[in-house]
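Engineer: Attaching a single structure in C-alpha cells format; questions to follow.
The values are calculated or read from the model by the stated rules, or taken from the named source; none is laboratory data. Just so you know, these numbers come straight off a predicted model, no measurement behind them. Quick reminder, even Gly has a Cβ in these numbers, built from the backbone with ideal geometry, and neighbours come from all protein chains shown. In case anyone asks, the SASA skips ligands and DNA or RNA and just uses the protein heavy atoms, side chains included. Shrake-Rupley method; radii C 1.70, N 1.55, O 1.52, S 1.80 Å.
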Amino acid sequence: IIEGLKYQLTSSIIPDTASQEIRWESKNNAIAIVDSTGMIRGLMPGETEIVGTSVTNTAITKTIKVKVLEKQITNVEISKTPNKLTYIQNYETLDLTGGMIKVYYDNNTQEEISMTSNLVSVEGFNNSLTRVLNIAVTYSKAPDIKMSFQVEIIPVEIETIKIGSYPN
C-alpha cells in the first residue's frame with residue numbers, strides 16, 4: 001500500500017453457513033490502520049500485520065503482512081506567488097510572505113507549503129540594478145524540479161526637495 005492510500009480486504013469463513021463477522025486489528029496503528037469492514041489505510045512507511053479474527057470463534061484467525069511504501073513526489077509547482085513582487089533598488093530585500101508551492105504525490109494527494117518554509121529555497125534576488133528578475137524556487141525533497149517567478153526592481157523615486165533661504 002502507498003502511504004495515504006486505502007485497500008479493502010475481503011474474507012470468507014468456511015462453511016458459508018458460519019457467521020462471516022470478522023474483527024480486524026492492526027498490530028501497529030502508526031504504520032497502518034484497519035476499520036471494522038477490513039479497509040486498510042497506510043499511514044507511514046513500514047511493515048505491520050493485520051489480523052482478522054472470527055467474532056463467533058476466536059480460534060479462527062488469519063494474519064497478513066502489510067508493507068506501506070512512502071508516497072513519491074510526482075510534481076511541484078508554484079501555486080501562489082509572494083504578495084510582494086516589486087522592490088526598490090538597493091533598498092528592499094526579498095519577502096516571500098504569501099508565496100506557496102503545491103506538492104503532488106503518486107497517491108493522488110497534494111499539499112501546499114509556504115515559500116518561507118525551511119524546505120523551500122530561493123535564488124536569484126539581487127536588487128542592485130533596475131530590471132526584472134527570475135527567482136528560482138527549489139523544494140528540498142524534489143531538488144530536480146525547477147520553478148520560478150518574476151520580481152521587478154524599480155529605481156528609487158526622489159521627491160522634490162525645496163531649499164529656502166535662511167535669514168542672516
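Engineer: Take the cross-link list K67/K146; K80/K141; K65/K146; K65/K141 and give me the ones stretching past 27 Å between alpha-carbons.
Structural biologist: As for pairs spanning more than 27 Å Cα to Cα, those are K67/K146; K65/K146; K65/K141.
Engineer: Out of K62, K71, K102, any idea which swings most in a Gaussian network model of the chain, alpha carbons joined below 10 Å?
Structural biologist: Its mean-square fluctuation being the largest, the pick is K62.
Engineer: State the extension gain, in nm to one decimal, for the chain segment bounded by Q20 and V132, taking 0.36 nm per residue of separation less the distance between their alpha-carbons.
Structural biologist: So the extension gain works out to 33.5 nm.
Engineer: Can you list residues whose amide H is under 5 Å from S148's amide H, if they're 5+ apart or on another chain and H is modeled 1.01 Å from N?
Structural biologist: V137
Engineer: Fully extended, how many nm does the chain gain between T116 and Q150 (0.36 nm per residue separation, minus their Cα-Cα distance)?
Structural biologist: 10.6 nm
Engineer: Additional query: For T56, project a label point 7 Å along Cα to C-beta. Then give me every residue of the stretch 9-37 with its amide nitrogen under 14 Å of that point.
Structural biologist: In the stretch 9-37, the label zone of T56 (backbone N under 14 Å from the point 7 Å along Cα→Cβ) covers 12-23.
Engineer: Which chymotrypsin sites (Phe, Trp or Tyr not before Pro) from the stretch 76-109 combine a DSSP loop assignment with at most 12 other Cβ atoms within 10 Å?
Structural biologist: Answer by residue number: Y91.
Engineer: Right, next: From largest accessible area down, sort I101, I78; use a 1.4 Å probe on the protein chains.
Structural biologist: Largest accessible area first, the list is I78, I101.
Engineer: Send over a whole-number figure in Å² for the accessible area per residue of the chain, probe 1.4 Å.
Structural biologist: Heavy-atom SASA per residue in the chain reads 67 Å².
Engineer: Now for a separate question. How long is the gain from T86 to M44 if the chain were fully straight, where each residue apart is worth 0.36 nm and the alpha carbon distance is subtracted?
Structural biologist: 10.9 nm
Engineer: Give me the tail of P(r) for the stretch 47-155 as a percent: Cα-Cα pairs with distance above 16 Å.
Structural biologist: Tail fraction, whole percent: 67.
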